[in-house]
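The values are calculated or read from the model by the stated rules, or taken from the named source; none is laboratory data. This one's a predicted model, so the numbers in the text were calculated from it and none came from an experiment. Note that each Cβ is placed from the backbone with ideal geometry, even for glycine, and that neighbours are counted across all protein chains shown. In case anyone asks, the SASA skips ligands and DNA or RNA and just uses the protein heavy atoms, side chains included. Shrake-Rupley method; radii C 1.70, N 1.55, O 1.52, S 1.80 Å.
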Amino acid sequence: MKKIKIGIIICNRYYTCTGGKCFRSAANREGAFSVYKDKEIEITGFTSCGGCPGSNIEYAPEEMKKNGVTHIHFATGFLVGYPPCPYMEHFKKFITEKYGMKVIFGTHPIPQKYYLTHTRINTWNNKFLSDSIKPSLTDELTRLSYD
């Protein structure tokens, strides 16, 4: 079985994040990493977008690709920060077209506290966002464990 090499890009709002929830969910194949439940994966890169409007988006995927990354995950923070990142669609199109990499939105399961708030205020009210959160949606018990 060929190992899938993954790069994670986090929103710069969370630039001090150590990645604990992302690495935990990758190890447990939870959230957006559940698609790899029967596959071997390696997280080969972890960086921030560089801040709005994504100053690191041109550079980071290129460097990650040199290290064998084929899949880029945008961390769950892009989806649950308020507001959700307005550049995600552009990032996906750019990375897919320029580097031929698969782009997935989300890493760890959406924590319950964010799920409740965003559901209540109807944040994910368009097709792009409602589709983008699907890989990170899980059951309530799992969401609570990521609070």
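Across all directions of projection, what mean area in square nanometres is found for the Cα convex hull of the range 70-120? Spell out each step's value before the answer.
Working: hull surface 14.3 nm².
One quarter of the hull surface, i.e. the mean projection, equals 3.6 nm².
In whole Å, what three semi-axes, largest first, describe the equivalent ellipsoid of the range 28-70 built from its Cα gyration tensor (square root of 5 times each eigenvalue)? Could you put the intermediate results ahead of the total?
Numbers: eigenvalues 116, 38, 9 Å².
Gyration-tensor ellipsoid for the range 28-70: 24, 14, 7 Å.
Let me have the 222 nm mean residue ellipticity of the chain computed from DSSP H runs of 4+ only, each contributing -39500 (n - 2.57), with the sum over all residues rounded to the nearest 500. Mind dumping the intermediate values first?
Working: 7 runs with 55 residues, N = 147.
Taking each H run of at least 4 residues, the total per residue is -10000 deg cm²/dmol.
Find the eigenvalues of the gyration tensor of the Cα atoms of the range 1-123, then list the square roots of 5 times those eigenvalues as equivalent ellipsoid semi-axes, largest first, in whole angstrom. Could the numbers behind the result be given before it?
Details: eigenvalues 96, 68, 29 Å².
Result for the range 1-123: semi-axes of 22, 18, 12 Å.
Calculate, for the range 1-124, the solvent-accessible area per residue in square angstrom, rolling a 1.4 angstrom probe over the heavy atoms of the protein chains. Could the numbers behind the result be given before it?
Numbers: 6460 Å² over 124 residues.
In whole numbers, the range 1-124 has 52 Å² accessible per residue.
For the range 1-64, what D do you get in µm² per second when you plug the Kirkwood radius from alpha-carbon pairs into Stokes-Einstein at 37 °C and 0.692 mPa s?
Working: Rh = 12.6 Å.
The calculation lands on 260 µm²/s.
For the chain, what % of the accessible area comes from carbon and sulfur atoms, probe 1.4 Å? Mind showing how you got there, number by number?
Values: 4110 of 7830 Å².
Here it works out to 52 percent.
Once fully extended, how much extra length lies between Lys98 and Asp131, figured as 0.36 nm per residue of separation less the alpha-carbon to alpha-carbon distance? Write down the numbers at each step before the final one.
Values: separation 33, 0.36 × 33 = 11.88 nm, distance 2.27 nm.
Stretched out fully, the Lys98 to Asp131 stretch lengthens by 9.6 nm.
Of Tyr99, Ser55, Tyr115, whose Cα points farthest to the positive end of the dipole of the chain (charges on the beta-carbon: +1 Lys, Arg; -1 Asp, Glu; origin at the Cα centre)?
Tyr99
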